[in-house]
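Each value in this text was obtained by applying a stated rule to the coordinates, not by laboratory testing. If you're wondering where the values come from, they're calculated on a predicted model, not measured in any experiment.
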Amino acid sequence: MLNRKTNIFLSIAVLALATLACNALLPLPTQDSAPTQIIEPVFTQSQEDLPQTEAGVPRVTVEEAKAALDNGAAVIVDVRSQASYEASHIAGALFIPLGEFETNITGLDLDKEQWIITYCT
């Protein structure tokens, strides 16, 4: 009986040491030491030169958008349906339906000098 308990104990100890050894060999996660740099786009386009297709619209990463919102460099606008916005949206995002952008761009209550980032998914 004593030998069986000793064997079980030794097996558990070897398993625990093997697990610790394997975990020690895993690479440590790296942290970016530099914060995300915000580079606001500079548009020199006239109203007629605006993108006419979805592919022509400039994109930003989630990290860039969050950093810009957190620093006050941008406003985030949710252009989905009212129901989608009410179900879930980015904290701090404004709700302006896409149709208003398409039909009343000059009448929107947004600072046109501020970076406006829209999202629809």
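Max-minus-min Cα coordinates of segment 55-119 on each principal axis give 28, 28, 26 Å, with the largest extent listed first.
Using θ = phi - 60° in the Karplus curve 6.51 cos²θ - 1.76 cosθ + 1.60, the 3J(HN,Hα) couplings for segment 91-96 round to 4, x, 6, 8, 10, 9 Hz; x is entered for Gly and Pro.
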